[in-house]
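This report refers to the structure that appears directly beneath it.
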Amino acid sequence: MPLNNIVNVLLARFQQSGDRKDLEEAIQHNRDALVLRPPGHPDRGVSLNNLANMLWTRFQQGGDREDLEEAIQYYQHALVLTPPGHRNHGVLLNNFANMLWTRFQQGGDRKDLEEAIQHYQDVLVLVPLGHPHRASPLNNIANAL
């Protein structure tokens, strides 16, 4: 999809220059892509994940709690469309847990902490011992505990 290519270029340029205009434009293009992939579209979960990632990046840059909340909502929707067994489920679940962990750090709601820990544990079940991607969820759960 050409919009995804534009988003990738804008994101790369943002990472290189730090110009927030590139990030804002990437977010808008992600929103446009989501409209083009309505409920029922096979790639809607990918668009939800991409938009959540962009909002997470903007949250990390500016600290706007609304970006974090919106990212959490999009990850939740993406997870519904990417059930256990789907090749991207573990990555989405780990990202979602990271958002909950961050929200816990911001607001102190133990429910967020407990849910994040549960999701990190679920990710560990999905990633076999010795797999190179196991280090990230192990580190995440260690930090949360």
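For the chain, what is the calculated [θ] at 222 nm in deg cm²/dmol (nearest 500), taking -39500 (n - 2.57) for each run of four or more DSSP H residues and dividing by its residue count? Present the calculation step by step, with values, prior to reporting the outcome.
Numbers: 7 runs with 115 residues, N = 145.
Theoretical 222 nm ellipticity from helices: -26500 deg cm²/dmol.
Tell me the angle of helix 110-126 to the major Cα principal axis of the chain, expressed in degrees between 0 and 90 and rounded to the nearest ten.
Taking Cα atoms only, the helix is inclined about 90 degrees.
Return one number: the angle in degrees, 0 to 90 and rounded to the nearest 10, between the long axis of the Cα atoms of helix 44-62 and the longest principal axis of the Cα atoms of the chain.
Long axis of 44-62 versus the principal axis of the chain: about 90 degrees.
About the Cα centre of the chain, how large is the charge dipole given +1 on each Lys and Arg Cβ and -1 on each Asp and Glu Cβ? Please answer in debye to the nearest 20. Mind dumping the intermediate values first?
On the way: 13 positive and 16 negative charges, 65 e Å.
Result for the chain is approximately 320 debye, rounded to the nearest 20.
Using label points projected 7 Å from each Cα along Cα→Cβ, tell me how many nm separate Gln61 and Ala12, to one decimal.
Label-label distance for Gln61 and Ala12, simple model: 1.8 nm.
What distance in nm separates the two pseudo spin-label positions at Gln106 and Lys21, each 7 Å out from Cα along the beta-carbon direction?
With each label point 7 Å from Cα toward Cβ, the separation is 2.7 nm.
Using Cα springs under 10 Å in a Gaussian network model of the chain, which residue among Leu36, Leu68, Leu81 shows the largest mean-square fluctuation?
It is Leu36.
Every read-out reported here was derived from the displayed coordinates using simple, explicitly stated rules and does not represent laboratory data. Not measured: the values here are computed from a predicted model. Neighbour counts are summed over all protein chains in view; Cβ atoms, including those assigned to glycine, are modelled from backbone coordinates with ideal geometry.
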